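S.K.: Okay, here's the structure, questions in a sec.
Derivation of every value follows stated rules applied to the coordinates shown; laboratory data play no part. If you're wondering where the values come from, they're calculated on a predicted model, not measured in any experiment. With ideal geometry, Cβ positions are generated from the backbone for all residues, glycine too; neighbour counts draw on all protein chains shown.
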Amino acid sequence: MEKLRAGVIGLGYMGRNHARIYADMDNVELCAVCDTDKTALGKISRRYHAIPYANYTEMLENEKLDVVSIALPTDLHKEAAIEAMKKGISVLLEKPIASNTKDAKEIVEFANANKAKMMIGHVERFNPAVIELKKMIDAGKLGKVYKIEAYRCGPFPTRISDVGVVVDLAVHDLDVINYLVGLKIERMHAETERRIHPKHEDLLTALLKLHSNIVVSLNIDWLTPTKIRELRVTGEKGMFVANYLTQDIYFYENNMYAGRFDYAETALGVTEGNMTKFMIAKKEPLLAEIESFINYVAKGAKPPVSIEDALRALEVAELLVSDGKNNKGC
């Protein structure tokens with residue numbers, strides 16, 4: 001089988017990693033890279049022997065690519081994605097799908113109308129810890145789910161100026177929650193603050209009540225001096241804690257359920273039981289994501305995250321931003 005010809009638009013942190021992975025794949029040839037930063041462009045193009053472009057329109061016109069990763073600032077996603085799709089190129093678009101739902105819907109509508117192959121880079125869907133957690137929840141290992149707590153905190157990334165922490169970071173957890181239990185929301189309350197970001201919020205604390213009576217808390221910020229990526233899911237039988245960074249899962253057992261066989265019964269109480277650490281085969285999530293994208297393009301295998309999923313995560317993120325603005329008081 002001939003190698004797929006790949007390009008990367010945008011050589012920031014994520015774009016550089018897309019280029020690295022394409023260059024290492026047996027069934028892909030990294031042909032071209034694009035960035036307006038001459039230093040980054042020269043460094044990456046030389047490292048991977050790819051043709052450098054400062055203008056992605058020229059790259060898309062000249063290179064006859066099969067696939068392209070777009071890792072531009074979020075407010076540039078729509079224009080670049082639609083231009084690539086017009087050329088018949090399959091697109092891997094970094095999350096979030098767009099900076100606002102209006103642009104996102106136009107991207108989705110264009111992709112569907114033109115039967116274009118497009119995937120949004122919600123990389124946490126490919127985290128082995130998240131995949132294993134989904135299997136355990138679906139298998140009833142937790143029983144009825146009561147609560148989900150997301151912690152996604154860390155230092156301020158000065159490279160991000162076009163959107164705030166909700167659209168940039170919280171969409172990760174919103175998409176994961178949608179994957180695990182669905183994201184039909186009955187009500188929400190959000191508090192947002194801007195402490196150091198020049199334009200947008202850099203802190204979110206929010207409560208959501210889902211249709212299934214699951215309570216969700218989101219703790220997201222760019223103000224914490226250490227990187228935290230953790231998801232806690234509490235239910236009848238105990239609590240799962242998934243660490244995105246180490247790809248480890250811990251289960252804290254509700255001892256009132258230990259040894260019981262009729263899990264249809266309602267929990268009679270909660271006491272501390274055993275803690276179990278699950279051994280999970282680790283894998284770079286971005287590599288798994290790009291492999292899924294290439295399989296989608298080459299073999300038609302549908303990716304686990306749809307463009308509609310990405311749109312839903314952004315829709316809820318926008319609602320949180322709006323609610324946060326409305327809760328500033330007098």
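S.K.: To the nearest Å, what is the center-to-center distance of the stretch 1-74 and the stretch 106-154, using C-alpha atoms only?
M.R.: Each part reduced to its Cα centre gives a spacing of 26 Å.
S.K.: Follow-up. Mind ranking 305-317, 106-118 by how tightly packed they are, going by the mean number of other C-beta atoms within 10 angstrom, highest first?
M.R.: So the order, starting with the most tightly packed, is 305-317, 106-118.
S.K.: Is there a quick way to get the dipole size of the chain? I mean about its Cα centre, with the Cβ of Lys and Arg at +1 and of Asp and Glu at -1; what is the value in debye to the nearest 20?
M.R.: I would put it at about 260 debye.
S.K.: Another question, if that's okay. If you take the beta carbon distance between Lys3 and Lys141 as r and set R0 to 30 Å, what does 1/(1 + (r/R0)^6) give as a FRET efficiency, to the nearest 0.05?
M.R.: Result of the calculation: an efficiency of 0.10.
S.K.: Continuing with this model, one more query. Charges at C-beta only: +1 for Lys and Arg, -1 for Asp and Glu. How large is the resulting dipole of the stretch 4-121 about its Cα centre, in Debye rounded to 20?
M.R.: 160
S.K.: Could you point to the residue in Ala80, Ile249, Ala206 farthest towards the positive end of the chain's charge dipole, with +1 and -1 charges on the Cβ of Lys/Arg and Asp/Glu respectively?
M.R.: The Cα lying farthest towards the positive end belongs to Ile249.
S.K.: Another question, then. Expressed as a rounded percentage, what relative contact order does the chain have, with Cα pairs under 8 Å and six or more residues apart?
M.R.: Reported relative contact order: 17 percent.
S.K.: Give the angle, between 0 and 90 degrees and rounded to the nearest 10, that separates the Cα long axis of helix 307-326 from the longest principal axis of the Cα atoms of the chain.
M.R.: 70
S.K.: Relative to the longest principal axis of the C-alpha atoms of the chain, give the angle of the C-alpha long axis of helix 285-299, reported between 0 and 90° and rounded to the nearest 10°.
M.R.: 60
S.K.: If you don't mind, another one. With each run of n ≥ 4 DSSP H residues scored as -39500 (n - 2.57), what mean residue ellipticity at 222 nm is computed for the chain after dividing by its residue count and rounding to the nearest 500 deg cm²/dmol? Intermediate values should be presented prior to the final figure.
M.R.: Numbers: 9 runs with 111 residues, N = 330.
Dividing the helical sum by the residues of the chain leaves -10500 deg cm²/dmol.
S.K.: Taking only Cα atoms, what is the 0 to 90° angle, nearest 10, from helix 101-113's long axis to the longest principal axis of the chain?
M.R.: Once rounded, the angle reads 70 degrees.
S.K.: Among the listed pairs Lys135/Lys283; Lys95/Lys117; Lys147/Lys277; Lys227/Lys302; Lys117/Lys147; Lys141/Lys299, which have their C-alpha atoms separated by more than 25 angstrom in this model?
M.R.: Exceeds cut-off: Lys227/Lys302; Lys117/Lys147; Lys141/Lys299.
S.K.: Taking the beta-carbon count within 10 Å as an exposure proxy, list Ile70, Ile44, Ile220 from fewest neighbours to most.
M.R.: If I rank by nearby Cβ atoms, fewest first, I get Ile44, Ile70, Ile220.
S.K.: Sticking with this one: Counting Lys and Arg as +1 and Asp and Glu as -1, each charge on the Cβ, what is the dipole of the stretch 188-229 about the Cα centre in debye, to the nearest 20?
M.R.: Charge dipole, the stretch 188-229, about its Cα centre: 120 debye, nearest 20.
S.K.: Let me ask something else. Over the stretch 4-121, what relative contact order in percent results from Cα pairs under 8 Å that are six or more residues apart?
M.R.: Relative contact order here is 23 percent.
S.K.: Less than 10 Å Cβ to Cβ from Val297, Lys/Arg counted +1 and Asp/Glu -1: what total charge do the surrounding residues give?
M.R.: +1
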